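Report on the structure given below.
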Amino acid sequence: MSGLNAITLHEAADLLARGACSSEELVRSVLGAIEQRDGTVGAYTWLNPEQAIEQARAADAARRGGHGGPLAGLPLAVKEVLNVRGQPCTCGSKILKGYLSPYDATAIARLREQGMIFLGRVNMDEFAMGSSTENSALQTTRNPWDPTRVPGGSSGGSAAAVAADEALAALGTDTGGSIRQPASFCGCVGLKPSYGRVSRYGLTAYASSLDQIGPLTKDVRDAALLLGAMAGADPRDSSSVRQPVPDYTAALQADLKGMKLGLPREYFIGGLDPEVESAVRAAVDRCRRLGAEVVEVSLPHTSHAIATYYIIACAEASANLARFDGVRYGARVEGADPIEMYGRTRAAGFGPEVKRRIILGTYVLSSGYYDAYYLRAQKVRTLVRRDFEEAFRGVDALLTPVAPTPAYRIGEKNEDPLQMYLGDIFTVPANLAGLCGLSVPCGWTKSGLPIGLQILGPAFREENILRVGHAYEQSAPELKRRYAPASRTPNTEH
Ligand code: GLN
């Protein structure tokens, strides 16, 4: 059966349940698309086709025996930063070359229990630091809709794989936008859960007070399904929260009657690309027509969010990345004594952006500067969180752009880190405040690039944003475009 690579998880589950296709056919279809397209897209960093087919056959046999829930036998692509037993977990870095995970992250273990198949690993910015996947030490990943452009980042491989129908769905991580922004650049759905909703055990830490694992999918229902399967308290992550996990798919309704949505004034500013602004405003109008009441709100500390985020994220990264010293993990460059060995290993193993952030982070934590930078950033973080608390007193969710521009050209911003950081303006505040956020496709530029709408919700109110995203998406089927590799990649495919 052809075209199985282009369907959603829930469509695949229906076909499997009706016996209309097998898990093996599904996996083979995805592997076929990877073979045909990934030379151009460059999403996958590692694949295990034989094992995936074997697991699919086992899932088919189990199903014939009456076993298997909705996710059983469905293949998933996983970002290089999550531990999957027996698979590489390079985090996009040379320093972890050759490392194989000895265990499953909790999110992976939960999906494995449901019978999902982890068929391959997808590219990312080194240690999830970046917004374009250009900081990967492994390879270049291209935007499927225009291979001269970036897929976004840091979960660029996840988004590109889903958009190019080389995966039914993927997992990514979001510390400051790394699920939502690549989803918007590639035209797929991306969900960042609230801080504490999904266990971080087995996620290689970048900035521990900001990191979350979440799905990148072809529609909102799939995001709800995967979140429901991964979420919930975990004794191995003390920051995971003991709150019941609702049935997220039950929250999906056709309209937005009775919902109140806020438009933050500070998110519609100079520098916002006009095509992005008009697509987002059109999406807001549609939400109104679906029955929502829309009001303007204010988040006055928004302009401080980037500086605050980069101080806190770098500070935490400088501590988290201290463990990569050539002793326990990955690569080592020998030296005359341990100090020289550490220095050589880290000099050779880390790329320039990671080094920049370790240096910045060490600086803001150092005695004499701690109060001026790190402590002050923590105080501003509180102000950013209070802005949202205030806004959410009156509304169920906020509607904003995901990024100020559509996908930019490969190389366009990579030489200027500050320009790259500024592109994170609309996504980092949600991480600072621990909120949940969803990116859904809301339009296309004249040149054929996707545009994303961001829906932000209060912490542990994923059902709010999923409901808004689903109703909006279902009301706008004309936004869906089928990826067609031959006509879309003329400049690189021969
Ligand atoms: N672009 C942001 C950064 O570079 C966010 C990355 C992320 O969410 N992992 O830190």
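The values are calculated or read from the model by the stated rules, or taken from the named source; none is laboratory data. All of these numbers come straight from a predicted model, not from anything done at the bench. Using ideal geometry, Cβ is built from the backbone for each residue, glycine included, and neighbour counts are taken over all protein chains shown. Each accessible area value is taken on the protein alone, full model and side chains, heavy atoms only, with ligands, DNA and RNA left out. Shrake-Rupley method; radii C 1.70, N 1.55, O 1.52, S 1.80 Å.
Structure notes:
- Relative to the Cα centre, the charge distribution of the chain, modelled as +1 at Lys and Arg Cβ and -1 at Asp and Glu Cβ, gives a dipole magnitude of about 400 debye.
- The spacing between the range 16-73 and the range 330-381, judged by their C-alpha centroids, is 41 Å.
- The packing ranking, built from the mean of other Cβ atoms within 10 Å per residue, places the peptides 98-106, 82-90 in the order 82-90, 98-106, highest first.
- For peptides 339-346, 22-29, sequence by mean Cβ density within 10 Å, most packed first: 22-29, 339-346
- Close amide H partners of Q253, meaning residues 5 or more places away or on another chain with modelled amide H under 5 Å apart, are A471.
- Here K355 is the anchor, and the lysines within straight C-alpha reach of less than 23 Å, apart from those fewer than 8 places off in the same chain, are K79, K94, K97, K413.
- Which of N83, A229, C21, positive extreme of dipole for the chain (C-beta unit charges): A229
- Remark: spin-label model distance A61-R236 equals 2.7 nm, labels positioned 7 Å along the Cα→Cβ axis.
- Ranked by the mean number of other Cβ atoms within 10 Å of their residues, highest first, the peptides 252-259, 182-189 fall in the order 182-189, 252-259.
- Dipole in debye (nearest 20) - the range 1-142, about Cα centre, beta carbon charges: Lys, Arg +1; Asp, Glu -1: 160
- The range 196-329, dipole about Cα centre (Lys/Arg Cβ +1, Asp/Glu Cβ -1), debye to the nearest 20: 320
- The residues of the range 382-438 expose, per residue, 37 Å² of accessible area to a 1.4 Å probe.
- Accessible area of the range 87-246 belonging to carbon and sulfur atoms, whole % at 1.4 Å probe: 48
- Long-range amide H partners of R149 with built H, under 5 Å: N143, I410
- Nearest-0.05 FRET efficiency for K446 and K260, computed from C-beta distance (R0 30 Å): 0.35
- Alpha carbon Rg of the range 354-432, scaled by the compact-globule rule 2.2 N^0.38 Å: 1.39
- Across the chain, Cα-Cα pairs more than 37 Å apart make up 21 percent of the total.
- Subtracting the Cα-Cα distance of R481 and N48 from 0.36 nm times their residue separation leaves 153.0 nm of extension gain.
- S303 versus E11: modelled label distance in nm, points set 7 Å from Cα along the beta carbon direction: 4.6
- Dipole of the chain computed with +1 at Lys/Arg Cβ and -1 at Asp/Glu Cβ about the Cα centre; of S184, T427, W145, farthest Cα towards the positive end is T427.
- For K79, nonlocal amide neighbours, meaning residues 5 or more places apart or on other chains whose placed amide H falls under 5 Å from its own, are V122, L171.
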